[in-house]
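What follows is a short report on a single structure.
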Amino acid sequence: MACIILFNKPFGVLSQFTDGGGRATLADHIDMPGIYAAGRLDRDSEGLLVLTDDGKLQAQIANPNAKRPKTYWAQVEGRPDDAALHALRSGMTLKDGPTRPAKARRISAPARLWPRDPPIRVRKSIPDTWIELTLTEGRNRQVRRMTAHVGHPTLRLIRWSVGEWTLDGLSPGAWRDAAASS
């Protein structure tokens, strides 16, 4: 049976176990040899990262052709109107080609949200809004590029779920065995 670890990756941590530059990595939080990240989260993104020792499962989770839904909470600059949400839902053309349609909706600030260190920049004259996006692909910095494309740059990005797995009950830097929790 495959080992599947669900990890709440904190802001500033790389989605790998080693780094020659002395930056924070997965090894600072998880001491379990033989597991690897199934997909990535940027250093400045937070949230669910799935790790496994099963190469086939790792490839399936990371492969955009598998169309495994990934849900993100994005705190964006401004207040996206219905046209901006429609553009996110319909798909758009970015520099690397068209995106698949996404689910997108405005949400209240997520409950049980932990403070980010360092905090996001706040501008008194510009409000911010939380939106929930569910994608079935995972290009480099895709959510950030999509929200910027519709005029609402992402200030904070948290991946809440990958398929059926969620962050529920995981503090930043904490992990659990998915098999033990199912």
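The values are calculated or read from the model by the stated rules, or taken from the named source; none is laboratory data. In this text the structure is predicted, and so the values were computed from the model without any measurement. Quick reminder, even Gly has a Cβ in these numbers, built from the backbone with ideal geometry, and neighbours come from all protein chains shown.
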Q: Inspect all residues belonging to the range 85-103 and state whether any of them is touching a strand residue (DSSP E or B) at 6+ places or on another chain (Cβ under 7 Å) and under 23 Å from PRO10 (Cβ atoms).
A: no
Q: With the condition kept exactly as written, say whether any residue in the range 24-33 is surrounded by 15 or more Cβ atoms within 10 Å (Cβ to Cβ), of a type in the set (D, E, K, R) and within 30 Å of ALA179 (Cβ to Cβ).
A: no
Q | Output for the range 114-148, where each listed residue is at pLDDT 90 or above and among the hydrophobic types (A, V, I, L, M, F, W, C) | A | TRP114, TRP130, ILE131, LEU133, LEU135, VAL143, MET146, ALA148
Q) Based on what the data block shows, is ARG112 closer than 26 Å to GLY169 by Cβ and exposed (fewer than 11 other Cβ atoms within 10 Å of the Cβ)? A) yes
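Could you list all residues from the range 117-132 that are in a strand (DSSP E or B), free of Cβ contacts under 8 Å to residues at least 60 places away in the same chain and out of contact with any Pro (no Cβ under 8 Å at 6 or more places or on another chain)?
ASP128
Residue-by-condition table, conditions (1) outside any loop (DSSP other than H, G, I, E, B); (2) more than 14 Å from LEU88 (Cβ to Cβ):
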residue	(1), (2)
ARG145	yes, no
ALA148	yes, no
GLY151	no, no
LEU155	yes, yes
SER161	yes, yes
GLY169	no, yes
PRO172	no, yes
ARG176	yes, yes
ALA179	no, yes
Q) Taking the stated definitions as given, is LEU57 farther than 21 Å from ILE131 by Cβ, modelled with pLDDT under 90 and either of a type in the set (Asp, Glu) or surrounded by 15 or more Cβ atoms within 10 Å (Cβ to Cβ) (or both)? A) yes
Q | Residue check, ALA83 of a type in the set (A, V, I, L, M, F, W, C), surrounded by 15 or more Cβ atoms within 10 Å (Cβ to Cβ) and modelled with pLDDT of 95 or more | A | no
Q: Of the numbered conditions (1) surrounded by 15 or more Cβ atoms within 10 Å (Cβ to Cβ); (2) free of Cβ contacts under 8 Å to residues at least 40 places away in the same chain; (3) in a strand (DSSP E or B), LEU14 fails exactly one; give the number of that condition.
A: (3)
